[in-house]
Amino acid sequence: MANRRLESLDVHELVRLKRTGVANTEISRLLGCSRQTCVKYVKWARAEGLLGGEMPSAGTVLARLEATLPERQPPQQASSLAALAEEIQAMRGRGMEMAAIRVRLEERHGRSVSYEALRRLVRRLEPGAAPEVFGRVEVRPGEEAQVDFGYAGLTIDPASGQLRKTWVFVIVLSWSRHMYAQLVYDQSVATWLECHRRAFEFFGGVPERIVLDNLKAAILKACREDLEVQRSYRECAEHYGFLIDPNPPVSPHLKGKVEKGGVHYIKRNFLAGRDAEPTDVLGKKLLDWCVLTAGTRVHGTTQAVPLERFVAVERAALRPLPREPYDLAVWKEALLYRDGYVVFDRAWYSAPQRLVGETLWVRGGTRTVTIYGPDHTLVAIHDVALPGERRTHPDHLPPHKAAGLTLTRASCQERAAACGPATTAVVSALLAHRPVDKLRVAGRLLALGEAHGQERLERACALALSYGDGDPATVKAILAGRLDEQPPPTPTPRSRLYAFARAAGEYVSALAGGAA
């Protein structure tokens, strides 16, 4: 047992224990001092008459000590951890708790470490500070959960193998102190909502109220009277049925259960002293730690095991999960640019041209992107696009631009097939032309079907092909002269196709300079 100085309160406790008949060996164990020190103070107390009569107060014991035993600190014995003092001090400088230091020392040096010896050494290395005083507020089972982010250092991104800044999302059930934690790369709205969904599924239910800081993922405008809740988080709260209870600005102590018992506890026990690991591997270890270590410890405040309290009482008090999980929609204000598109998550989505220049509300879900006008009326629904892609609804385009902007080879072939085989043959020949791209020519040809009707266009293309000429200008001339409505011409004998219209002698005289 390492020796230490006994303060006045320790001596007062020694006197009380000795008066009740406790042996010196047991007293020395309870006070954390050597048996020789205990015997010394027992002799002093007996000489001062403190072991009989009325029990003296702590002030009386202090006065007697100062008057009769001013030099009461015996020589210090060496700590069993003295050789590790610098290593321990370095770990404390990194913010590690003593429980975590003890585990790391045992891992590194392969021997057991006394927590009491570590505590006494740390107390000598670090002067004590006056504690802050707060009022404690307790809640009913299932009534409240507190949530926060904390910086978790650098972890290895399994996709790239590079080190990345990492945060830990922590949510603590205020009654049982059971917690859920997850490692993330950002604090975006999408990450915030995804962490909530996974936490509720982990607990198997939803608390009545979520207490949080005024972080931007949830609260846009932080003040005591007027809260503008982030639309995505408000929608999530409505889906799961919980209340949003943000702290007043600059008051993190109002959610100490997650600040100290969650983020602080994880950083200084689970994360402290670890080398960088792949994020997915470390995340699995963290979740196991939440259940097997944090969940099975005896909590310092409740003096109960969090996981046992959760299983026995609080789990049944949580609100049931909805039938379907939240769609994880993200809301954003976006300007409708002159080209008729808004930008959302690095993709482009069309909206009606009449709203160009307006700021619209965009709701991005996992499957669809919905756009609402300035008056919150629905104006467009699109399938989700990949970054760099565009989603266009033809009705959103200017009428004089719609046909050209939506024209494709596939659409031309489909429209031509709807008219008939002759139109298909003419359009196919145009699309196959090289090296000039005649896609727009094919589009203009098909537009004749919209002006004159598909049946007339098919007859005009068939008539043009019978003449051996599938040029769009010929088709257009046939339609303009309504030749497609006349009876088909009588076939000309093949021998007449190559007959000269003028006598051969005329060509000869021309070549001879006009002489016959």
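The values are calculated or read from the model by the stated rules, or taken from the named source; none is laboratory data. Model, not experiment: these values are computed from the prediction. Backbone-built Cβ (ideal geometry, glycine too); neighbour counts: all protein chains shown. Please note that ligands, DNA and RNA were not included when accessible areas were found on the heavy atoms of the full protein model with its side chains. Shrake-Rupley method; radii C 1.70, N 1.55, O 1.52, S 1.80 Å.
So here's what we get for this one:
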| quantity | calculated |
| --- | --- |
| Inter-site label distance for Leu243 and Arg434 at 7 Å from Cα along Cβ, in nm | 7.3 nm |
| Per-residue ³J(HN,Hα) for the range 339-355, Karplus 6.51 cos²θ - 1.76 cosθ + 1.60, θ = phi - 60°, Hz, x for Gly and Pro | 7, x, 10, 9, 9, 9, 6, 6, 10, 10, 10, 7, 9, x, 4, 5, 9 |
| Fully extended contour minus Cα-Cα distance, from Arg323 to Tyr467, at 0.36 nm per residue | 45.0 nm |
| Pairwise FRET efficiency - Leu69 versus Arg16, Cβ, R0 = 22 Å, nearest 0.05 | 0.75 |
| Heavy atoms of Glu208 accessible to a 1.4 Å probe, total area in Å² rounded to 10 | 60 Å² |
| Gain in span if fully extended, Lys40 to Asp395, counting 0.36 nm per residue against the direct Cα distance | 118.1 nm |
| At R0 = 41 Å, FRET efficiency that the Cβ-Cβ distance of Glu26 and Glu107 yields, to 0.05 | 0.80 |
| Among 458-464, 187-193, the order from most to least packed when residues are scored by Cβ within 10 Å on average | 458-464, 187-193 |
| Rel. contact order, % - alpha carbon contacts under 8 angstrom, at least six apart, the range 387-469 | 28 percent |
| At R0 = 41 Å, FRET efficiency that the Cβ-Cβ distance of Thr377 and Ala90 yields, to 0.05 | 0.10 |
| Extension reserve of the Val356-Leu483 stretch, reckoned as 0.36 nm per residue once the Cα distance is removed | 41.1 nm |
